[in-house]
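The values are calculated or read from the model by the stated rules, or taken from the named source; none is laboratory data. Source: prediction; values computed, not measured. Here the Cβ positions follow ideal geometry from the backbone for every residue, glycine too, while neighbour counts run over all protein chains shown.
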Amino acid sequence: MIRIAIANQKGGVGKTTTAINIATALAATGWKTLLIDLDPQGNASTGIGVAAADRGASSYDLLVDQAPLSACVVPTRIPLLDLVPATVDLSGAEVELVSVANRTDRLRDALAGESGYDVCFIDCPPSLGLLTLNAMAAADTLLVPLQCEFFALEGLSQLLTTVERVQQRFNPALGIVGIALTMFDRRNRLTDQVAEDVRSCLGQLVFETVIPRNVRLSEAPSHGLPALVYDHNCSGSRAYMALARELIGRLPARRMAA
């Protein structure tokens, strides 16, 4: 199972929207996909149509109580896509885990040996706290959504520094599969300037596909649907499908069942 953390400590960059729609796109192409909601706000769970009342065991139970992964997984309405939902209990996990010896390894231990999925996406909270560290310690690689604005560049620098520290202390094999430019508005000159600056600094690490500002992407979560299902032909959905194709091209070949 390929494990991909979707992380950026800055909020409002399209991280959860990216997690939902990329996971949906890979499931639609035949990848058995798991999405883990590691954000106490639970937006990925809501946005994919799993209501709070339908969330039993959650990512909190997975990390704090060390419940087995199979007990925390719920199916979604998307074929081949399962979810480990988040509840408000997760907001207390960092405090509860702070005195635990292996506090950064809880998610890695929970996913160890899991072979029922081709790929696992981990939607991280907008911070660099213990939950995000768990995701980075468990992940093979990171996908970083980056909003095309000035302050996002400062946040990216912080994130890259954190990745280096995680590589040194917890997960030497952690890589970055790519940086996805989100909320792209060609009418705004600053958007183009930020995109150019990021590409000049990070080169091919930046995906060619950019995710535009699109009202349908914003509407879809209120219906409990990925944008790819809510309106598969809108510009945002088409962009996420293109991004998924790029991502697949950067991942190891999927092992087919015998």
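Worth a mention:
- Pick from the stretch 220-235, criterion in a helix (DSSP H, G or I) and under 17 Å from the mean Cα position of the chain (by Cα), ranking: surrounded by the fewest Cβ atoms within 10 Å (Cβ to Cβ): Pro221
- All positions within the stretch 139-151 that are outside any loop (DSSP other than H, G, I, E, B) and in contact with a strand residue (DSSP E or B) (Cβ under 7 Å, 6 or more places away or on another chain): Thr141, Leu142, Leu143, Val144, Pro145, Leu146, Gln147
- Test: residue in the stretch 182-193 that is on the phi > 0 side of the Ramachandran plot and in contact with a Cys (Cβ under 9 Å, 6 or more places away or on another chain): yes
- Being of a type in the set (A, V, I, L, M, F, W, C), more than 27 Å from Leu247 (Cβ to Cβ) and modelled with pLDDT of 90 or more is a property that Ala139 lacks.
- Hey, Gln168 out of contact with any Leu (no Cβ under 8 Å at 6 or more places or on another chain), under 24 Å from Arg103 (Cβ atoms) and either buried (at least 16 other Cβ atoms within 10 Å of the Cβ) or without any contact (Cβ under 8 Å) to a residue 12 or more places away in the chain (or both) or not: yes
- Only listed residue being in contact with a Lys or Arg (Cβ under 6 Å, 6 or more places away or on another chain) and at pLDDT below 90, chosen from Asp192, Asp185: Asp185
- Matching residues, the stretch 120-132, being buried (at least 24 other Cβ atoms within 10 Å of the Cβ) and of a type in the set (A, V, I, L, M): Ile122, Leu131
- Test: Val177 is surrounded by 14 or more Cβ atoms within 10 Å (Cβ to Cβ), under 20 Å from Pro126 (Cα atoms) and in contact with a Ser or Thr (Cβ under 6 Å, 6 or more places away or on another chain): yes
- Residue list for the stretch 139-155, filter: farther than 12 Å from Gln9 by Cβ and acidic (Asp, Glu): Asp140, Glu149
- For Ala239, the test of being in a helix (DSSP H, G or I), at pLDDT 95 or above and either out of contact with any strand residue (DSSP E or B) (no Cβ under 9 Å at 6 or more places or on another chain) or among the small types (Gly, Ala, Ser) (or both) is passed.
- Filtered residues of the stretch 148-162 (kept if in contact (Cβ under 8 Å) with a residue 60 or more places away in the chain and of a type in the set (Gly, Ala, Ser)): Ala152, Gly155
- Of the criteria (1) touching a residue at least 60 places away in the same chain (Cβ under 8 Å); (2) more than 25 Å from Gly224 (Cβ to Cβ); (3) of a type outside the set (S, T, N, Q), which one Pro125 fails: (2)
- Identity of the residue in the stretch 12-58, surrounded by fewer than 20 Cβ atoms within 10 Å (Cβ to Cβ), out of contact with any Cys (no Cβ under 9 Å at 6 or more places or on another chain) and of a type in the set (A, V, I, L, M), that ends up farthest from Val119 (Cα to Cα): Ala53
- Meets criteria (over 27 Å from Glu246 (Cα atoms) and buried (at least 20 other Cβ atoms within 10 Å of the Cβ)) for Leu62: yes
- Contacts under 9 angstrom Cβ, first residue in the stretch 215-232 being over 7 Å from Gly47 (Cα atoms), partner of a type in the set (Val, Ile, Thr) and outside any helix (DSSP H, G or I), 6 or more apart: Leu217/Ile211; Leu228/Ile78; Val229/Ile78
- When residues in the stretch 160-219 are screened for being touching a helix residue (DSSP H, G or I) at 6+ places or on another chain (Cβ under 7 Å), part of a loop (DSSP other than H, G, I, E, B) and within 25 Å of Asn134 (Cα to Cα), 3 of them pass.
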